[in-house]
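The structure appears right after this line, and notes come after that.
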Amino acid sequence: MLHAHGSGITDWTFSDFSQDILATGAEDGTVKVWKLPEEGITAGEQASTLAVLNVQSPRANSVRFHPTAENVLTTLGNNRKEVLIWDIGKEAPALKVESESLVHSFSWKGDGTLMATTGKDIVQVWDPRAEKAAIQTGKGHEGIKGSRSVWLGSSNFILSTGLNKIRYRQYALWDARDLSKPIKMSSFDSSTGQLIPLYDEDTETIYIIGRGDSTIRSFQLSDLQSEPTIAENMACGTNNSLFGACLLPKMSLNVMKAEVARVMTLTSNAIVPVSFEVPRKQYLDFHSELFPDTKGNAPALSASAWLNNENGLVQTVSLDPSKRQAQAKSNDTKMSPSQPIADTIKEKSPMPAAAEKSSPAETVSQTPIKADITKSSSTSSPPTPVETLPSESTTTPPQQVPEETKTASSPLLAAKQPSEAASPAKVLPKYGAASVSPYKYIAGKPYHPSEHFHDLRGLSSDKSGTTNLIQASSKFIAVPIAGPGGRVGIISASKPGRLPTKVPSLQCGSSVVDFKFDPFNPNILVTASEDNKLRIWNIPDEGISEDVSEPAAVLSSKTMDKTVVIAFNPVAQDVLLTVSSDRNSAGIRIWDLNSKTEKHHFEHGDVVFDAIWSTDGQQVATTSKSKKIRVFDAVPDFKLVAEGPGHQSIRPAKLLWLGEMNMIASVGFGLGSSREVLVYNLDDLSKGPCFKKNIDISPSVMSVYFDPDCGVLYVAGRGDRIIHTFELEESSLTALAKYESGTLQQGFAFLPKKHCNVKAIEIAKFYRLTATSIETVGIKVPRARPEFFQDDIFCPTKDVESPAQSADSWFAGEIKPSQYINLQPDGLVPLSEAPALPQTNAKKKFAIGKREASDDEKRKDLMKKMFATAKDVDEQAEKDKTPIVEDEEKEVADDEWDD
């Protein structure tokens, strides 16, 4: 027996990652973390205390470990009005969730990004690392007695149990994206015993046990990726009143007997296991259709990584006994040399082992109760593995969130996709088979390390999420550097390798908010800083070797305040657009950098997150805090021409003009932290997006880039390891292969298409910024005949480095189209003019065999025709034959009679 506290125990739980780690809470307001002996507690082997946490409350209620991060413990505090999240071993909680009402229970989402809480007449969803306030609130169970919640794995749905006003016990199924009303709420009976929900993520089954009941109810869930349904299974009766229950870990089940779950129930004097089995004709083989890979016991993240907004999914393991041993060895080999949880906690907070004596507890054994159940098809087939989410380790969770509702991968997914989509005016060219995306197998590959920029020090990553931390021209790379005076480091793109300890910088005099290179002059950089000034820097061709504090020009306006966006016109030289807050009434200004003057000033009237030019430089689109997307004619009077609804979240979003297709895309957040792409047709912007794509679930703002030649969209979040790629089609975005790296990215900067290695079929080239380096990455398309110029992929591209007109002509209202350039290298034959491939031996044999088979068929057909002809002749002869007359019936002529 473990003598854990000097007062009554309120709750206890085991770690998902170490079966010998136990956390206990007590009425004295303390939580203790214990290391249990491997062989159990005996007179000679006692448990040792790893950590003691003080929740600053009379009682320590509801103790739970985090589902993906190691050494993260969650408790209730402040008389149930706070949820405390601890990094075990530290004296104070790392995070707090403060509720205005009493919290009855909490539950973590399967990926560890969101938390659900329930209380009297309330259910809420929180993102503890991003926001202090609840991101969703709904009306929950009305009863005073404690309600409970359980998040249904990594889906977007929550199940809660509680009582209504007249003490009827009920359960409710909620969509975490919209808690305004439950998807379903149903009542059981009028008992006062508290309901305990237990969720089996692998089989999508809920087991509900009521305290004092003798029946275990089970419910089958399905379609958790789209429109969930819940159906009640046959109840399992027991012979005793039950006071508590838990699910046995999957790896402890007897899978060779098709045991899909085992509920450990507590009676007044015994612990009774109740086994749920699926009948099968034979039990000699492992039934893989019943047992998908389940979560293993290796944490996906450390506590510090999770607290630094990293996300990850626990690696799955097979339940097949023949694979378990090999998989265990493989996991041991692949795991990083991290220490066990107990050793890690000891390093954080060394504590002496407990010296209390304990006596072994008496155990009462009882024959297990078996409940045969027949699972539906949704249970029998293993879930499909999910795509890797942005900042996750290379793991495979047991459930997949489809691309239409993904989550994906915080936290919350967006509303449902519209059923119909408007067709774009311009249809992008298709390459390859119609049923397969032409870029399905695109692959990102870093250049050789000698082409990277190493040992970057002092990167300033505290900028707003809307600020891209890296900008590049054909000659230079610019990144913000930490330190006083608003520093922007300038790196020569032609000199990769180890960077100097102190990167030469442009000193702006105040913290930099945004910076951009002039697309038509790679030596010009414009910076916007918090002192409300625009600085124009002219960088020499050889770069800078020391800090520079004197810009070529400084622009400012008396009414301009807090510049948030700067954007160069894509066709007119020296035309710059800026967006500033201007005391909560956003102002949009257009500058002539040639004359260093402000040409136009328009009041937007809302907090603007992003502003972009159209590809022809004649219109401007904005997205704002009012959840609106607006399109203006830039000249002559900045007239509003279209307006439509944006994302449902007030968090920042990014805009993209999709080439010349008269469409724009907005990359932002749905409800919660569900990241999504909305695509709009500008012919009818007021109707909202014509289609959308859910990306994943994460709180970080995303950087975006669109390749109009290939129709490929690149999306990546700060702090992620993955760059998502999508192909824009007529009415949808098709997910392509992702580019995944082992380091966290802070941003990317794409180079114009003409800087790609066309001979290597490189369709994109960009710089990827990490905390300590800048990597050069190429995106390539595998082709069968790479020795030819792939003219079906490399169509004539817009010359984005040469202006189509001057600033004076643009301000005068003239419209001039951009020029296009041919990317075909000298001496490279286009694929469309390439000779036909010579016939291989295999094809020759196939052709000969085909010809021989054809000759045999011809001979058979000829014989059939001959037989048919002969048969027809015989039949016709039979028809023409004269009937035979018997002798006695023949007439004899008179002259034939004998005299």
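Quick rundown of the values:
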quantity: Number of positions in region 709-757 that are surrounded by fewer than 20 Cβ atoms within 10 Å (Cβ to Cβ), of a type in the set (Lys, Arg) and over 16 Å from LYS440 (Cβ atoms); calculated: 1
quantity: In region 678-693, the residues that are modelled with pLDDT under 90 and surrounded by 24 or more Cβ atoms within 10 Å (Cβ to Cβ); calculated: LYS692, LYS693
quantity: Qualifying residue in region 583-592 (condition: part of a loop (DSSP other than H, G, I, E, B) and touching a helix residue (DSSP H, G or I) at 6+ places or on another chain (Cβ under 9 Å)); calculated: no
quantity: Qualifying residue in region 121-139 (condition: among the small types (Gly, Ala, Ser), within 19 Å of the chain's Cα centre (by Cα), modelled with pLDDT under 90 and under 30 Å from THR294 (Cβ atoms)); calculated: yes
quantity: Unique match (being surrounded by 14 or more Cβ atoms within 10 Å (Cβ to Cβ), within 30 Å of PRO93 (Cα to Cα) and at pLDDT 90 or above) among SER218, SER302; calculated: SER302
quantity: Any chance GLU70 is of a type in the set (Asp, Glu) and under 32 Å from the mean Cα position of the chain (by Cα); calculated: yes
quantity: Some residue of region 160-171 being under 29 Å from ALA134 (Cα atoms), open to solvent by 20 Å² or more (accessible area, probe 1.4 Å) and of a type in the set (Gly, Ala, Ser); calculated: no
quantity: Total residues in region 267-299, condition open to solvent by less than 30 Å² (accessible area, probe 1.4 Å) and closer than 21 Å to LYS323 by Cα; calculated: 7
quantity: Filtered residue count, region 633-672, keeping only those that are under 30 Å from ALA133 (Cβ atoms) and not in a strand (DSSP E or B); calculated: 11
quantity: Exclusive hit being touching a helix residue (DSSP H, G or I) at 6+ places or on another chain (Cβ under 9 Å) and open to solvent by 20 Å² or more (accessible area, probe 1.4 Å), set ASP200, ASP175, ASP223, ASP213; calculated: ASP223
quantity: LYS765 being among the basic types (Lys, Arg), over 30 Å from VAL575 (Cβ atoms), open to solvent by 30 Å² or more (accessible area, probe 1.4 Å) and modelled with pLDDT of 90 or more; calculated: no
quantity: Hits in region 522-578 - residues which are of a type outside the set (Val, Ile, Thr), surrounded by fewer than 20 Cβ atoms within 10 Å (Cβ to Cβ), more than 37 Å from the chain's Cα centre (by Cα) and not in a loop (DSSP other than H, G, I, E, B); calculated: ASN523, LYS533, ASN538, ALA553, SER556
quantity: Residues within region 438-464 that are under 22 Å from GLY778 (Cβ atoms), at pLDDT below 85 and open to solvent by 70 Å² or more (accessible area, probe 1.4 Å), tallied; calculated: 2
quantity: Checklist (1) over 27 Å from PHE517 (Cα atoms); (2) surrounded by fewer than 18 Cβ atoms within 10 Å (Cβ to Cβ) applied to PHE789, failing item; calculated: (2)
quantity: SER435 closer than 28 Å to ILE779 by Cα, more than 32 Å from the chain's Cα centre (by Cα) and either modelled with pLDDT of 90 or more or part of a loop (DSSP other than H, G, I, E, B) (or both); calculated: no
quantity: Whichever residue in region 226-250 is buried (at least 17 other Cβ atoms within 10 Å of the Cβ) and not hydrophobic (A, V, I, L, M, F, W, C) and, among such residues, is modelled with the highest pLDDT; calculated: LYS250
quantity: GLU775 in contact with a strand residue (DSSP E or B) (Cβ under 7 Å, 6 or more places away or on another chain) and either part of a loop (DSSP other than H, G, I, E, B) or buried (at least 19 other Cβ atoms within 10 Å of the Cβ) (or both); calculated: yes
quantity: From ARG675, ARG630, residue being surrounded by 23 or more Cβ atoms within 10 Å (Cβ to Cβ) and not in a loop (DSSP other than H, G, I, E, B); calculated: ARG675
quantity: Enumeration of residues in region 36-88 that are in contact with a helix residue (DSSP H, G or I) (Cβ under 7 Å, 6 or more places away or on another chain) and modelled with pLDDT under 85; calculated: none
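The values are calculated or read from the model by the stated rules, or taken from the named source; none is laboratory data. What you see is a predicted model, and the numbers here were worked out from it, not measured in a lab. Here the Cβ is made from the backbone with ideal geometry for all residues, glycine too, and neighbour counts use every protein chain on show. Heads up: the accessible areas ignore ligands, DNA and RNA and are worked out on the full protein's heavy atoms, side chains in. Shrake-Rupley method; radii C 1.70, N 1.55, O 1.52, S 1.80 Å.
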